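The values are calculated or read from the model by the stated rules, or taken from the named source; none is laboratory data. All values derive from a computational prediction rather than experimental measurement. Cβ placement follows ideal geometry from the backbone for every residue including glycine, while neighbour counts extend to all protein chains displayed. Surface accessibility is based on the protein's heavy atoms, side chains included, excluding ligands, DNA and RNA. Shrake-Rupley method; radii C 1.70, N 1.55, O 1.52, S 1.80 Å.
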Amino acid sequence: MARICRTAAMAAGSLVLIAGATGCSDIRNEIDAARDTFQGSGSPEPWEATGPGRCLASGVAISHDIVNAAMGIRAVSIGLRNCGTKPYRVNGYPEIGVLDEDREPVGLKLIQGNGSTGAADDQGPGELTLAPGESARSGLRWNNRITESGAHSTGSYVVVAAAPGEERDTLPLPMDIGSDGELHVTAWTVEETPEPS
């Protein structure tokens, strides 16, 4: 996958990300490809998953799976892997931010998922302890339906932290959010390991 340049800063408790001045040509190519997908006719193809993210100083790596784009309801699973050497505790919902192609914040209404929001697989917050190598998952969902004329939100990156105030990572993820401007997020759950057959 193309090299990702990331620089992050926090100001007054709000999410502020600043793009680096150099070394971002690979990112620009990814953004251009994403824009072509949005402008094509019919439903876009599912967006590719990211590989395992860099191991953050906090001992976790963040990634996302392929976007399910069926029937205009987009869904993607966010992964949180313990890449460190000690148990990692996580509780509740991730902190999520969305940036446009210029790495400016996109104003969205974030909704913690439950049965009434369409994020029916949300199991609610609960404390999890991830052993080294173990992973947790959170789901993001949005509707791309345009019901009003004028501008609507389009994201190019998702910013994820295990919890508010924790170390963040930024991943390329096209998000064609519709007129409702809503992004639904589910609580972290332990990723099940398949039983050997």
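Identify the single condition in (1) outside any helix (DSSP H, G or I); (2) modelled with pLDDT under 90; (3) over 15 Å from the mean Cα position of the chain (by Cα) that Gly51 does not satisfy, given that it satisfies every other one.
That leaves (3) as the condition not met.
Out of all the residues in region 117-162, which are among the aliphatic types (A, V, I, L, M) and either modelled with pLDDT under 80 or surrounded by fewer than 16 Cβ atoms within 10 Å (Cβ to Cβ) (or both)? Full working, then the answer.
Of region 117-162, the ones among the aliphatic types (A, V, I, L, M) are 119-120, 128, 130-131, 136, 140, 146, 151, 158-162.
Ala119, Ala120, Ala131, Ile146, Ala151, listed by residue number.
Considering only region 50-104, state which residues are buried (at least 17 other Cβ atoms within 10 Å of the Cβ), within 17 Å of Leu183 (Cβ to Cβ) and polar (S, T, N, Q).
Correct list: Ser77 only.
Starting from region 165-182, keep only residues that are crowded, with 17+ Cβ neighbours inside 10 Å, then list their pairs with residues that are basic (Lys, Arg) and not in a strand (DSSP E or B) whose Cβ atoms are within a distance under 6 Å, requiring at least 6 positions of separation or different chains.
Qualifying pairs under 6 Å: Thr170/Arg6; Gly178/Arg145.
Considering only residues of region 187-197 that are closer than 25 Å to Cys55 by Cβ and open to solvent by 10 Å² or more (accessible area, probe 1.4 Å), which is modelled with the lowest pLDDT?
Pro194
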